[in-house]
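The values are calculated or read from the model by the stated rules, or taken from the named source; none is laboratory data. The structure presented is a predicted model; accordingly, all values stated were derived computationally and were not measured. Here the Cβ positions follow ideal geometry from the backbone for every residue, glycine too, while neighbour counts run over all protein chains shown.
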Amino acid sequence: MVDAMEITSSPPPVCLADFAELARSVLPPQVWDYVDGGSGSEVTLAGNRTALDRVGVLPRVLTGVATPRLRTRLLGREYAMPVGVAPMAYQRLVHPDGEVALAAAARAAEVPYLASILGSTPIEQVTATGAEVWFQLYWLRDRGLVTDVLARARDAGCRALVVTVDVPVLGRRFRDLRNAFRLPPELVAANLPGGRDDLAHGGTPGVNPVAVDSGAAFAPALRWADLRWLGEHCELPLVVKGVLDPADAVRAVDAGARAVVVSNHGGRQLDGAPASATMLPEVVAAVGGRCEVLLDSGIRGGGDVLRALALGADGALVGRPMLWALAAGGQAGANTALTLLADELRDALALAGCADPAAARDLRTVPMG
């Protein structure tokens, strides 16, 4: 873990990208690479950004819009904007307040906070912030433990269950291998029974101990029958994260999903997988309004959220920029980042002639470059 850092830069951050260098300046190099890096040669990591940059949004004029409304509904609940904080593991790795600070910022911004099963703070402390918390699950090898974790999330007051399906094994992350990255001993997976992440603190050269630990804890052979079982036994709305193929999105809905998240895990799993934004329109068309669709991977500002909406998404998840802001300034940094994101989205909607997020879904997109 690193000590808290006040945001004292001059000029102060004016967009989410400004937090990246602030975070890099305070984080140990190995931790920065863990946060910033992707799998393999990072082709998919770069592709996420390239794909979004190539989406041109055709603005409408003379629509009479002065101040757009950002409020939206996701999974039947109202939020201040169509954005959620993506699930990310071990947030106390970048700031001592970790998940509590980021959840508190999400509460202040009135957006959902997706809490990782690999969070470094117990889920009960996260929900105690008053945030609207969706709990993210990796499928454990022991189904009895899955049941226990689900009951714990429900009892803590979580509003939805997000099951991540694109991690049969952890992607090979060359930066972490070169750095011999491992978790510090005081950092544990606080939502796993008994911690259950001892292997993530050791290891040998050339072996990623976090990957070894994940392989020991998580079931690599998750099947559609398991997802259907989850849909039948979970009392919370089910969200399936990590879908790229439209056919998989349809099967997820058939298995009980209320929403799917089009995601390649931020470029951290299969290197060479297509960008999430590239597949988004096909997924939206395939599900045909039977579930909500969110975009994850590569979101860096309000303009990207507008792009996601114009491509048919109901909302977007923002990940790495929130870790940058957390590292740079704790909850204050995260508050600033979400405020900037809302301001950018409001401006983007106004410039596109949209009164609200729903109107943005009617915009045309054209390829750029």
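Scanning the range 279-334 for residues that are among the β-branched types (V, I, T) and either in contact with a Leu (Cβ under 9 Å, 6 or more places away or on another chain) or surrounded by 24 or more Cβ atoms within 10 Å (Cβ to Cβ) (or both) gives V283, V284, V293, I299, V305, V318. As a summary of the residue check, A131 satisfies the conditions (1) over 19 Å from R320 (Cβ atoms); (2) under 17 Å from the mean Cα position of the chain (by Cα); (3) part of a helix (DSSP H, G or I) except for the one numbered (3).
Mind counting the residues in the range 352-362 that are surrounded by fewer than 18 Cβ atoms within 10 Å (Cβ to Cβ) and more than 13 Å from R307 (Cα to Cα)? Residues flagged as surrounded by fewer than 18 Cβ atoms within 10 Å (Cβ to Cβ) and more than 13 Å from R307 (Cα to Cα) within the range 352-362 amount to 2. Per the listing A337, A359, the residue uniquely in contact with a Leu (Cβ under 9 Å, 6 or more places away or on another chain), more than 28 Å from R24 (Cβ to Cβ) and assigned to a helix (DSSP H, G or I) is A359.
Restricting attention to the range 268-278, the residues that are of a type in the set (S, T, Y) and either surrounded by fewer than 19 Cβ atoms within 10 Å (Cβ to Cβ) or out of contact with any Asp or Glu (no Cβ under 8 Å at 6 or more places or on another chain) (or both) total 1. The residue pairs whose first member lies in the range 346-369 and is hydroxyl-bearing (S, T, Y), whose second member is assigned to a helix (DSSP H, G or I) and crowded, with 16+ Cβ neighbours inside 10 Å, and whose beta carbons are closer than 9 Å, counting only pairs six or more residues apart or on different chains, are T365/P281; T365/R307; T365/A310.
Does the range 312-329 contain at least one residue that is over 17 Å from the mean Cα position of the chain (by Cα) and closer than 26 Å to V26 by Cα? Yes; the residues of the range 312-329 include at least one that is over 17 Å from the mean Cα position of the chain (by Cα) and closer than 26 Å to V26 by Cα. Take E235 and tell me if it is among the acidic types (D, E) and touching a strand residue (DSSP E or B) at 6+ places or on another chain (Cβ under 8 Å). Considered against the rule, which asks whether it is among the acidic types (D, E) and touching a strand residue (DSSP E or B) at 6+ places or on another chain (Cβ under 8 Å), E235 comes out as no.
Residues considered: R290, R300. Of these, the only one that is part of a loop (DSSP other than H, G, I, E, B), under 30 Å from R143 (Cβ atoms) and not polar (S, T, N, Q) is R290.
Conditions tested, residue by residue: (1) modelled with pLDDT of 95 or more; (2) aliphatic (A, V, I, L, M); (3) at positive phi; (4) in contact with a Gly (Cβ under 7 Å, 6 or more places away or on another chain).
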site: S120; (1), (2), (3), (4): yes, no, no, yes
site: T127; (1), (2), (3), (4): yes, no, no, yes
site: Y138; (1), (2), (3), (4): no, no, no, no
site: R143; (1), (2), (3), (4): no, no, no, no
site: R154; (1), (2), (3), (4): yes, no, no, no
site: G157; (1), (2), (3), (4): yes, no, yes, no
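Residues that are touching a residue at least 60 places away in the same chain (Cβ under 8 Å) and either surrounded by fewer than 21 Cβ atoms within 10 Å (Cβ to Cβ) or polar (S, T, N, Q) (or both) within the range 250-267 comprise R258, S263, N264, listed in sequence order. Determine which member of the set A308, A316 is under 21 Å from W134 (Cα atoms), touching a residue at least 24 places away in the same chain (Cβ under 8 Å), part of a helix (DSSP H, G or I) and in contact with a helix residue (DSSP H, G or I) (Cβ under 8 Å, 6 or more places away or on another chain). Of the residues listed, the single one that is under 21 Å from W134 (Cα atoms), touching a residue at least 24 places away in the same chain (Cβ under 8 Å), part of a helix (DSSP H, G or I) and in contact with a helix residue (DSSP H, G or I) (Cβ under 8 Å, 6 or more places away or on another chain) is A308. Taking every residue in the range 57-78 that is closer than 30 Å to V239 by Cα and without any contact (Cβ under 8 Å) to a residue 12 or more places away in the chain and pairing it with any residue that is buried (at least 17 other Cβ atoms within 10 Å of the Cβ) and aromatic (F, W, Y), at least 6 positions away or on another chain, the pairs with Cβ-Cβ distances below 9 Å are R73/Y79. Against the test of being outside any loop (DSSP other than H, G, I, E, B), β-branched (V, I, T) and over 19 Å from G315 (Cβ atoms), the options V169, V126 yield a single qualifying residue, V126. Quick check: anything in the range 100-110 modelled with pLDDT of 95 or more, surrounded by fewer than 16 Cβ atoms within 10 Å (Cβ to Cβ) and either among the aliphatic types (A, V, I, L, M) or in contact with a helix residue (DSSP H, G or I) (Cβ under 6 Å, 6 or more places away or on another chain) (or both)? Checked against the condition, which is being modelled with pLDDT of 95 or more, surrounded by fewer than 16 Cβ atoms within 10 Å (Cβ to Cβ) and either among the aliphatic types (A, V, I, L, M) or in contact with a helix residue (DSSP H, G or I) (Cβ under 6 Å, 6 or more places away or on another chain) (or both), the range 100-110 yields no hits at all.
Within the range 228-246, if we keep just the residues that are under 20 Å from A275 (Cα atoms) and not hydrophobic (A, V, I, L, M, F, W, C), the residue that is surrounded by the fewest Cβ atoms within 10 Å (Cβ to Cβ) turns out to be D245.
Going residue by residue through the range 206-227, is there one that turns out to be modelled with pLDDT of 90 or more and either crowded, with 18+ Cβ neighbours inside 10 Å or of a type in the set (D, E) (or both)? Yes; the residues of the range 206-227 include at least one that is modelled with pLDDT of 90 or more and either crowded, with 18+ Cβ neighbours inside 10 Å or of a type in the set (D, E) (or both).
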